[in-house]
Amino acid sequence: MSDPVLDALAESARNRGLKLVRSRVRTPGKRRFGKAGLTDASGKAVFGMDPKGPNAKPEEVETYLRNLGAGDWGASLDAPARKRKTHPKPRKVAEPSPPDRQERRPAPPPAEPKLAIRPARPGDSGVLVGLIALLDHQVDEAGVRKRIAELARAKLTPLVATLDRQIVGLCGIDAMVAVHRDRPAGRINILVVSEAARGRGIGRKLVAAAEDALRARACRLVEVTSNDRLAEAHAFYRHMGYERTSIRFCKKL
């Protein structure tokens, strides 16, 4: 016949990895009747046991089990204590940096291309052929190269305008000695700016550079030749201070 008290103690012992040993004495009043003890799984005595069997009262076993800590009973078994499952601590994830709330400044506008004016070189001939064609003059690269060299020897080198070293304008100059004038007369015989570069004041700067070059040649007068059909060019020269003083006639030979 089972004893509810001892049955409960047996369950409690099993939960702790132990085994409850009950006395085999079934006669009330005899020594060891109702006694109990504890062993480990291998049968080694843990509590309330002697060579003849269990000798502890059930309430003593209950108290022992109640006070038995996981580390204590594990050590008392002379065996590795059961390792408690531990859960790894959650790793701290770095919070994303807050977005830059400062208003983004607009990108600065691209720098204006650098304008420069310099004497033409024979190597510029290929580009100059295209500029000259804008005025309906059909020339070839070899001829332009040859004439630049000749004009350089006469110290009448044409001027070119560049934007970031790309040729965008041409101005040709001449100086004439006339019997009826006491000083040489300067002349601007061609002025052209590429269509893509117009509106930047490049024509005005080419004219100003030509005037400086002719002034250095002792010229006190500058003439401009311009085709009758180029009305916009005529307005440009008037804006630059030039006046119409004569009519030009020409004849092909």
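The values are calculated or read from the model by the stated rules, or taken from the named source; none is laboratory data. Not measured: the values here are computed from a predicted model. For neighbour counting, all protein chains shown are included, and Cβ atoms are generated from backbone atoms with ideal geometry for every residue, glycine included.
What are the residue pairs meeting all of these: first residue in the stretch 1-19, first residue assigned by TED's automatic domain parsing to the domain that holds residue 47 and among the small types (Gly, Ala, Ser), second residue modelled with pLDDT under 85 and in a loop (DSSP other than H, G, I, E, B), Cβ atoms under 9 Å, and 6 or more apart or on different chains?
17/77; 17/79; 17/82
For the structure I just gave you, tell me whether residue 226 is among the polar types (S, T, N, Q), in a loop (DSSP other than H, G, I, E, B) and not assigned by TED's automatic domain parsing to the domain that holds residue 135.
no
With respect to residue 247, determine if the residue is modelled with pLDDT under 95 and of a type in the set (Val, Ile, Thr).
The answer is yes for residue 247.
Of all residues in the stretch 1-39, which are over 14 Å from residue 57 (Cα atoms), modelled with pLDDT of 90 or more and of a type in the set (Gly, Ala, Ser)?
none
Give the residue, chosen from 236, 249, that is in contact with a helix residue (DSSP H, G or I) (Cβ under 8 Å, 6 or more places away or on another chain) and either not charged (D, E, K, R) or not in a helix (DSSP H, G or I) (or both).
Step by step, each of 236, 249 is checked, and only 236 is in contact with a helix residue (DSSP H, G or I) (Cβ under 8 Å, 6 or more places away or on another chain) and either not charged (D, E, K, R) or not in a helix (DSSP H, G or I) (or both).
Could you check, for the stretch 186-200, whether at least one of its residues is in contact with an Asp or Glu (Cβ under 6 Å, 6 or more places away or on another chain) and touching a residue at least 24 places away in the same chain (Cβ under 8 Å)?
Yes, some residue in the stretch 186-200 is in contact with an Asp or Glu (Cβ under 6 Å, 6 or more places away or on another chain) and touching a residue at least 24 places away in the same chain (Cβ under 8 Å).
Yes/no per residue for (1) out of contact with any strand residue (DSSP E or B) (no Cβ under 7 Å at 6 or more places or on another chain); (2) at positive phi; (3) polar (S, T, N, Q):
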position	(1), (2), (3)
143	yes, no, no
158	no, no, no
166	yes, no, yes
173	no, no, no
187	no, no, no
191	no, no, no
199	yes, yes, no
205	no, no, no
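Kindly list the number of the only condition in (1) at pLDDT below 80; (2) outside the structural domain of residue 38 (by TED's automatic domain parsing); (3) not in a loop (DSSP other than H, G, I, E, B) that fails for residue 104.
Residue 104 satisfies all of (1) at pLDDT below 80; (2) outside the structural domain of residue 38 (by TED's automatic domain parsing); (3) not in a loop (DSSP other than H, G, I, E, B) except (3).
A quick yes/no check of all residues on (1) at pLDDT below 95; (2) among the hydroxyl-bearing types (Ser, Thr, Tyr); (3) under 21 Å from residue 235 (Cβ atoms); (4) not in a loop (DSSP other than H, G, I, E, B):
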site	(1), (2), (3), (4)
174	no, no, no, yes
178	yes, no, no, no
181	yes, no, no, no
186	no, no, no, yes
191	no, no, yes, yes
205	no, no, yes, yes
211	no, no, yes, yes
214	no, no, no, yes
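Hey, does the stretch 134-157 have a residue that's under 40 Å from the mean Cα position of the chain (by Cα) and assigned by TED's automatic domain parsing to the domain that holds residue 204?
No, the stretch 134-157 has no match at all.
Would you be able to tell me the number of residues in the stretch 212-233 that are surrounded by fewer than 18 Cβ atoms within 10 Å (Cβ to Cβ) and touching a strand residue (DSSP E or B) at 6+ places or on another chain (Cβ under 9 Å)?
The number of residues fulfilling the criteria is 8.
Select from the stretch 24-65 the residues that are in a loop (DSSP other than H, G, I, E, B) and among the aliphatic types (A, V, I, L, M) and write down the one among them that is farthest from residue 3 (Cα to Cα).
41
Report, by residue number, each residue of the stretch 1-30 that is over 21 Å from residue 46 (Cα atoms) and not acidic (Asp, Glu).
Those that are over 21 Å from residue 46 (Cα atoms) and not acidic (Asp, Glu): 1, 2, 4, 26, 27, 28, 29, 30.
Could you check how many residues of the stretch 131-148 are in contact (Cβ under 8 Å) with a residue 24 or more places away in the chain and surrounded by 13 or more Cβ atoms within 10 Å (Cβ to Cβ)?
Total meeting the criteria: 4.
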